[in-house]
Amino acid sequence: MTDKPEGPNTGAASAGRFDKYRFFLKDHIRQRVDFRQTAQNRRLPAPPLQKSCPADVARIALPDGAESMERLCRLSVAEAVARRESVRAYTAEPLSLGELSALLWSTQGIRRVISPDSALRTVPSAGARHSFETYVAAIRVEGLEPGIYRYLPFDDQLARLFVDEQTGARAAAACLGQRFVAASAATFFWTTIPARMEWRYDLAAHKVIALDAGHVCQNLYLAATAIGAGTCAIAAYDQNACDRLLGVDGEEEFTVYLGTVGKR
Ligand SMILES: Cc1cc2nc3c(=O)[nH]c(=O)nc-3n(C[C@H](O)[C@H](O)[C@H](O)COP(=O)(O)O)c2cc1C
């Protein structure tokens with residue numbers, strides 16, 4: 001057997017239509033970026049760490065997320081890791097606001113504010129850029145009318161965006177008819193605002209945004225398991241339908257990943 005030379009496009013399988021998508025997973029892009037010219041190094045202002053919220057949008061105060069998690073957590077880390085699984089069948093029991101807050105904090109809560117341009121959260125993120133916003137399709141959450149809410153992690157609040165009795169059905173339809181979405185108590189939609197990552201990494205931003213999303217959802221799995229709930233990651237969804245449901249523009253902010261949550 002002869003060694004094939006290292007490098008792009010060496011094998012028949014990679015010489016075709018997969019090339020540009022495989023390229024995305026590699027790190028060649030970093031050599032093509034002139035990091036002296038990034039927005040950060042040109043001293044352009046950093047995009048805000050949290051999307052702004054219009055003054056006329058109602059806000060709901062959340063119980064402290066870290067304290068809620070501490071109080072509700074029934075398992076050790078080892079047990080949560082061992083028991084983690086995708087759960088697609090839920091009881092009719094609602095989530096309490098404390099449970100929702102514990103899950104939001106576990107996935108995107110603020111750990112420490114470093115400066116106006118940088119904050120650390122409960123999950124890692126390349127360059128601590130944290131490009132995600134979390135939207136919750138609340139279907140059965142105590143104290144919340146069914147609807148779409150946005151987590152404001154710097155304020156420990158939810159912004160109430162749309163109230164709609166049909167939220168479960170609409171969320172399921174936006175997930176290509178995956179019926180367990182409608183049966184969830186809440187479904188988390190994670191959008192990215194890529195400019196937050198592009199500010200620092202320019203063309204090398206996009207792979208790390210995708211990597212970052214995995215950490216967020218894994219924390220949802222572990223935290224949900226630990227509080228006696230279940231979750232299932234969702235990456236099969238209708239892009240336009242999800243973006244419309246959340247009211248985001250689909251260009252500067254768009255859906256990248258989802259996770260359902262319900263009691264077991
Ligand atoms: C990136 C990603 C996307 C997924 N998308 C879906 C999905 O759209 N619908 C679904 O039912 N499960 C989805 N899943 C869940 C997987 O099917 C599940 O993780 C896999 O079957 C292994 O099962 P386990 O999580 O119980 O170990 C997804 C999981 C990941 C990590």
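The values are calculated or read from the model by the stated rules, or taken from the named source; none is laboratory data. The model shown is predicted, which means the values in this text are computed figures rather than measured ones. Heads up, the Cβs are rebuilt from the backbone with ideal geometry, glycines too, and the neighbour counts pull from every protein chain shown. Note: accessible area is taken over every heavy atom of the protein model, side chains too, but ligands, DNA and RNA are not part of it. Shrake-Rupley method; radii C 1.70, N 1.55, O 1.52, S 1.80 Å.
Would you pick out the residues in segment 129-141 that are touching a Leu at 6+ places or on another chain (Cβ under 6 Å) and free of Cβ contacts under 8 Å to residues at least 60 places away in the same chain? Before the answer, list the steps.
At the first step, the residues of segment 129-141 found to be touching a Leu at 6+ places or on another chain (Cβ under 6 Å) are 135, 138, 141.
Ala138, Val141 - these are the residues of segment 129-141 that are touching a Leu at 6+ places or on another chain (Cβ under 6 Å) and free of Cβ contacts under 8 Å to residues at least 60 places away in the same chain.
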When residues of segment 244-264 are limited to those that are of a type in the set (A, V, I, L, M, F, W, C) and assigned to a strand (DSSP E or B), the one farthest from Val181 (Cα to Cα): Phe254
Counting only residues in segment 77-115 that are touching a residue at least 60 places away in the same chain (Cβ under 8 Å) and part of a strand (DSSP E or B), the one least open to solvent (accessible area, probe 1.4 Å) is identified as Leu95
Can you find a residue that is touching a helix residue (DSSP H, G or I) at 6+ places or on another chain (Cβ under 9 Å), within 18 Å of Leu100 (Cα to Cα) and within 16 Å of the ligand (Cβ to nearest atom) anywhere in segment 235-256? no
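Just to be sure I understand, how many residues within segment 220-230 are within 13 Å of the ligand (Cβ to nearest atom) and either assigned to a helix (DSSP H, G or I) or under 13 Å from the mean Cα position of the chain (by Cα) (or both)? If you could, list the steps in order and put the result at the bottom.
Our first condition is that a residue be within 13 Å of the ligand (Cβ to nearest atom); within segment 220-230, this holds for 220-222, 224-225, 230.
After this cut, where a residue has to be either assigned to a helix (DSSP H, G or I) or under 13 Å from the mean Cα position of the chain (by Cα) (or both) as well, the list is 220-222, 224-225.
Residues in segment 220-230 being within 13 Å of the ligand (Cβ to nearest atom) and either assigned to a helix (DSSP H, G or I) or under 13 Å from the mean Cα position of the chain (by Cα) (or both): 5 in total.
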Considering segment 64-113 alone, what residues qualify as being of a type in the set (Lys, Arg) and away from the ligand (no atom under 16 Å from the Cβ)? Arg71, Arg74, Arg111, Arg112
Taking segment 58-76 and keeping residues surrounded by fewer than 15 Cβ atoms within 10 Å (Cβ to Cβ), over 21 Å from the mean Cα position of the chain (by Cα) and in contact (Cβ under 8 Å) with a residue 60 or more places away in the chain leaves Ala58, Arg74
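Quick check, is Ala241 part of a helix (DSSP H, G or I) and within 11 Å of the chain's Cα centre (by Cα)?
Working: part of a helix (DSSP H, G or I): yes; within 11 Å of the chain's Cα centre (by Cα): no.
In short, no.
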Please go through segment 65-76 and pick out each residue that is assigned to a helix (DSSP H, G or I) and aliphatic (A, V, I, L, M). Ala66, Met69, Leu72
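Just wondering, is there one or more residues in segment 244-251 that are open to solvent by 10 Å² or more (accessible area, probe 1.4 Å), more than 30 Å from Phe35 (Cα to Cα) and not hydrophobic (A, V, I, L, M, F, W, C)?
We begin by selecting, within segment 244-251, every residue open to solvent by 10 Å² or more (accessible area, probe 1.4 Å); these are 244-245, 247-251.
Subset that is more than 30 Å from Phe35 (Cα to Cα): 244-245, 247.
Narrowing further to those that are not hydrophobic (A, V, I, L, M, F, W, C): 244, 247.
Checking segment 244-251: at least one residue is open to solvent by 10 Å² or more (accessible area, probe 1.4 Å), more than 30 Å from Phe35 (Cα to Cα) and not hydrophobic (A, V, I, L, M, F, W, C).
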Can you tell me which residue in segment 160-190 is nearest to Leu220 (Cα to Cα), limited to those that are among the hydroxyl-bearing types (Ser, Thr, Tyr) and either within 16 Å of the ligand (Cβ to nearest atom) or open to solvent by 50 Å² or more (accessible area, probe 1.4 Å) (or both)? Thr187
